[in-house]
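Undergrad: The structure that follows is given in the form of structure tokens.
The values are calculated or read from the model by the stated rules, or taken from the named source; none is laboratory data. Just so you know, these numbers come straight off a predicted model, no measurement behind them. With ideal geometry, Cβ positions are generated from the backbone for all residues, glycine too; neighbour counts draw on all protein chains shown.
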Amino acid sequence: MKKEFIFISVLALIIIALMVLKPIYGWQLRALLAPPPINWEIESSARMENEKLKAELAVLQNVKAQLPERPEKSIRAIVYSRYPLNFKNELLVNVGVNENVLKGKAVMFGGMIIGKVSEVFEETALIETAFDDRFQLPVRIGRNGVQALFKGGSLPALELISPTAELQMGDIVYSAAADFPYGVPMGEVKDIRISDDNLFQTAVLDIPYDIGGINTVFIAE
Amino acid sequence: MIIRSRIIAAVLLVSIGIFLEIWIGDIRSVWISCVLAALISLSFILSLPEILCVTLFALFALNWQPAISLELIILGALPIVSFLIRKWLPLEPWIGSILLSFTGIMVLYLALDLDFIIRNPSLFAADILLSLAYSTIVFKAMISFFPTDNLDF
């Protein structure tokens with residue numbers, strides 16, 4: 001009995017030491033248990049490229065004069081792990097303070113905004129994705145540059161759209177927030193309807209990627 | 001020897017729970033509380049040092065950031081609380097394990113985001129059903145290989 005107790009205590013101590021000193025081993029263990037990454041080159045790169053071009057076209061056609069210079073520099077980051085419960089939608093990436101990652105910066109994948117940096121650690125950073133209920137971002141829609149508020153969640157939506165604004169299914173939605181690169185696509189307008197209070201239009205957003213299959217992202221500098 | 005085999009079996013069952021949780025979460029973006037349910041079931045079969053050890057292993061694998069979070073504290077505390085109160089439950093152990101697994105998942109939702117149940121009732125129902133199913137499988141598997149008569153509590 002004493003031997004068994006020592007065995008279990010040693011095991012527990014090893015796990016505690018690993019959790020505190022080398023959490024990366026835990027993330028690697030998770031990566032082993034996770035499904036294999038999706039090959040985005042085949043799956044949806046064409047669709048994402050199409051949305052990128054549509055966003056660029058919309059920006060060029062209507063809001064060219066308001067365009068600030070689009071930041072070219074970004075930091076490549078590898079996704080370590082995902083938040084394992086239903087309450088948030090976060091990713092942990094392998095860059096942090098050491099690589100000059102700043103809180104609030106845009107995070108992109110395949111030329112599309114997928115979230116923002118919510119917390120920065122020494123060697124890692126947490127990304128709040130567009131599927132997180134807390135995520136909000138001012139955006140513009142389509143060629144007319146209609147203003148809206150992007151609200152994250154399991155079904156990302158566009159809210160506070162003027163009732164007189166003309167929207168169409170398939171209109172591109174692109175970023176229009178301070179601290180974010182302007183005109184980067186986020187998805188396409190899907191279902192449009194009048195809000196419950198009859199004051200605005202709302203729309204569901206069609207996002208052409210699966211957040212679970214993302215392995216590499218770019219963080220705006 | 002029984003204790004050592006039991007803890008290895010428990011770690012394996014928790015690993016399968018982690019695998020299911022991550023696999024379903026990554027593919028469907030729905031996170032099932034398999035690991036919590038399995039840990040609560042195991043708290044009816046394992047001794048305190050064993051359940052501590054298995055819980056630490058689960059937290060090590062589920063931790064997604066290099067900082068302590070409320071989520072992990074709750075996930076770690078619930079199996080221990082379950083271990084402490086299970087003896088006072090006037091129910092058959094397998095019914096008690098299902099009841100406490102359900103209560104544990106409810107506590108998790110109540111503590112972290114009660115509105116989630118209102119916003120996504122179908123996801124919550126799916127979480128409860130699948131988690132309780134896995135909890136039952138874990139309990140039945142463990143009890144058939146390691147009857148509680150052999151246990152030193």
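Undergrad: Looking at the range B:16-26, is at least one residue surrounded by fewer than 24 Cβ atoms within 10 Å (Cβ to Cβ) and among the small types (G, A, S)?
TA: yes
Undergrad: Answer with yes or no whether A:F131 is in a loop (DSSP other than H, G, I, E, B), modelled with pLDDT of 90 or more and within 21 Å of A:M48 (Cα to Cα).
TA: It is true that A:F131 is in a loop (DSSP other than H, G, I, E, B), modelled with pLDDT of 90 or more and within 21 Å of A:M48 (Cα to Cα).
Undergrad: For the range B:102-111, enumerate the residues that are within 12 Å of chain A (Cβ to nearest Cβ) and either without any contact (Cβ under 8 Å) to a residue 12 or more places away in the chain or crowded, with 16+ Cβ neighbours inside 10 Å (or both).
TA: B:I105, B:L108, B:Y109, B:L110
Undergrad: If B:A38 satisfies all but one of (1) among the small types (G, A, S); (2) modelled with pLDDT of 90 or more; (3) surrounded by fewer than 24 Cβ atoms within 10 Å (Cβ to Cβ), what's the number of the condition it fails?
TA: Failing condition for B:A38: (3).
Undergrad: Output the residue which, of all residues in the range B:70-101 that are free of Cβ contacts under 8 Å to residues at least 40 places away in the same chain and within 14 Å of another protein chain (Cβ to nearest Cβ), is surrounded by the most Cβ atoms within 10 Å (Cβ to Cβ).
TA: Of everything passing the filter in the range B:70-101, B:L72 is surrounded by the most Cβ atoms within 10 Å (Cβ to Cβ).
Undergrad: Now for a separate question. For B:E50, work out the one condition from (1) within 25 Å of B:L114 (Cα to Cα); (2) assigned to a helix (DSSP H, G or I) it doesn't fulfil.
TA: (1)
Undergrad: Which of the residues spanning the range B:48-69 are without any contact (Cβ under 8 Å) to a residue 12 or more places away in the chain and farther than 17 Å from B:A9 by Cβ?
TA: B:F60, B:N63, B:W64, B:Q65, B:P66, B:A67, B:I68, B:S69
Undergrad: In the range A:124-154, what count of residues is obtained for those that are of a type in the set (K, R) and on the phi > 0 side of the Ramachandran plot?
TA: Total satisfying the criteria: 0.
Undergrad: If we scan the range A:158-178, do we find a residue that is touching a residue at least 60 places away in the same chain (Cβ under 8 Å), crowded, with 21+ Cβ neighbours inside 10 Å, of a type in the set (A, V, I, L, M) and closer than 25 Å to B:I24 by Cβ?
TA: no
Undergrad: Of the conditions (1) crowded, with 17+ Cβ neighbours inside 10 Å; (2) at the interface with chain A (Cβ under 10 Å from one of its Cβ atoms); (3) over 28 Å from A:S154 (Cα atoms), B:S33 satisfies every one except a single condition; which number is it?
TA: (3)
Undergrad: Here's something else I'd like to know. Search the range A:192-215 for residues that are within 14 Å of another protein chain (Cβ to nearest Cβ) and of a type in the set (D, E) and pair each with any residue that is crowded, with 16+ Cβ neighbours inside 10 Å and part of a loop (DSSP other than H, G, I, E, B) when their beta-carbon atoms are under 7 Å apart and the residues are at least 6 apart or on different chains.
TA: What qualifies is A:D210/A:I38.
Undergrad: Moving to a separate point now. Restricting to the range A:119-132, count the residues that are facing another protein chain (nearest Cβ under 9 Å), under 14 Å from the mean Cα position of the chain (by Cα) and farther than 16 Å from A:M186 by Cβ.
TA: Here the count works out to 2.
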